[in-house]
Amino acid sequence: MMSSPMSQISSNLPIAFALMAVLVSVLFILLPKLFGASKLTKSYAKFKVLNRAIVHEGKRPIIALTLGVATKSLPTGSHVKVRVGGDGGPERSYTPTRFDGGLCELMIRVYPDGEVSPRLEKLGVGDELEMKGPTGIHRYGEDGPGTFKNGRKVIHGVRRIGMLAGGTGVTPMMQVINHIREDPRDDTETCLVSFNTGEGEIMMEEELREIDREEGGKVEVKFMVSQGEGREGVSKGSLRKMGGEQLMESMGLKGKGGEVVMICGPKGFVAKAKEDLKDKVDVLVW
């Protein structure tokens with residue numbers, strides 16, 4: 001028995017609505033990039049929020065904001081600076097976890113008493129954020145695989161990068177790791193040790209674990225927490241209680257040529273790590 005034209009139309013309506021929803025979502029992402037998206041420059045410009053996600057809930061939640069930009073790429077190792085409240089308003093620097101294809105993704109930990117992050121938390125899809133860049137003096141890979149620029153200083157022949165990240169300090173590490181993974185010529189090894197207060201505050205844990213599994217030793221990732229008992233894949237430990245030799249060992253470094261350590265995190269974290277490693281290896285602070 002043949003179905004009537006009306007019944008055929010009715011049965012196809014859910015599919016049509018689903019396709020329409022997908023099309024609207026795609027257009028919402030593409031149109032701001034194609035029409036009116038700003039270029040990232042040394043002066044502040046407004047960028048539209050295309051997506052907002054809560055990565056982690058809690059007393060200090062982590063949010064991800066995706067902005068539409070007309071700039072195709074950002075030098076690896078650089079940051080962007082955001083401002084709230086217009087001219088004279090407070091500023092903060094962030095390292096994008098993604099910057100390609102017209103999209104800039106910022107991972108932000110919200111501090112309840114902060115000047116900037118609580119206001120960023122309130123941004124929704126369609127709102128605008130002031131941003132400029134790139135900023136910072138560090139660059140990776142501009143002179144080829146295994147090279148760092150630190151202002152005018154250039155470090156060549158890096159074969160292994162140790163990475164010490166405190167909390168949100170993991171974002172520049174992720175930027176360099178992704179650069180190495182995407183360059184088939186680059187066989188530089190990395191070992192990231194991510195330090196956090198508790199298990200619930202570990203940023204991008206699953207994504208980092210997946211990279212570790214996929215890279216088969218080229219990228220190693222370790223997690224340490226100062227509170228709690230730890231769990232499988234997460235060790236109990238604090239950078240404050242570790243000396244230089246322990247830090248070197250945790251990153252698989254021998255203190256020979258071809259090794260560099262990246263450090264990023266709170267001021268006390270950075271100062272302690274830098275002091276412990278100053279006579280053992282080249283150190284770059286983000």
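Where a number appears in this text, it was derived from the coordinates with a stated rule and is not lab data. Treat the numbers as computed from the prediction; the structure is a model and nothing was measured. Reconstructed Cβ throughout: ideal geometry from the backbone, glycine too, with neighbour counts over all protein chains shown.
Quick notes
- Extension gain, residue 154 back to residue 227 (0.36 nm per residue minus Cα-Cα distance, nm): 22.4 nm
- Furthest towards positive pole of dipole, 86, 219, 38, structure part the chain, Cβ charges: 86
- Expressed as a whole percent, the proportion of Cα-Cα pairs in segment 138-285 lying more than 21 Å apart is 39%.
- Relative to the longest principal axis of the Cα atoms of the chain, the long axis of helix 5-34 lies at roughly 40 degrees.
- Full extension of the chain between residue 213 and residue 119 gives 30.2 nm of extra length, using 0.36 nm per residue less the Cα-Cα distance.
- Degrees separating the helix 170-182 axis from the principal Cα axis of the chain, which is the longest one: 80
- Span from the segment 156-213 Cα centroid across to the segment 77-114 one, whole angstrom: 20
- Label-zone membership for segment 261-276, site residue 93, 7 angstrom Cα→C-beta point, backbone N under 12 Å: 264-265
- Residue range of the chain that is longest and free of GluC sites (Glu not before Pro) which are both DSSP loop and sparsely packed (at most 14 other C-beta within 10 Å): 143-228
- Here the chain is treated as a Stokes sphere of Kirkwood radius computed over C-alpha pairs; at 10 °C and 1.306 mPa s its diffusion coefficient rounds to 76 µm²/s.
- Helix 267-277 axis versus longest C-alpha principal axis of the chain: approximately 40°, rounded to the nearest ten.
- Low-density loop cleavage sites - trypsin sites (Lys or Arg not before Pro) in segment 52-133, where at most 16 other Cβ are within 10 Å (DSSP): 59, 72, 122
- A compact globular protein would have a Cα radius of gyration near 2.2 N^0.38 Å; the ratio found for segment 46-97 is 1.30.
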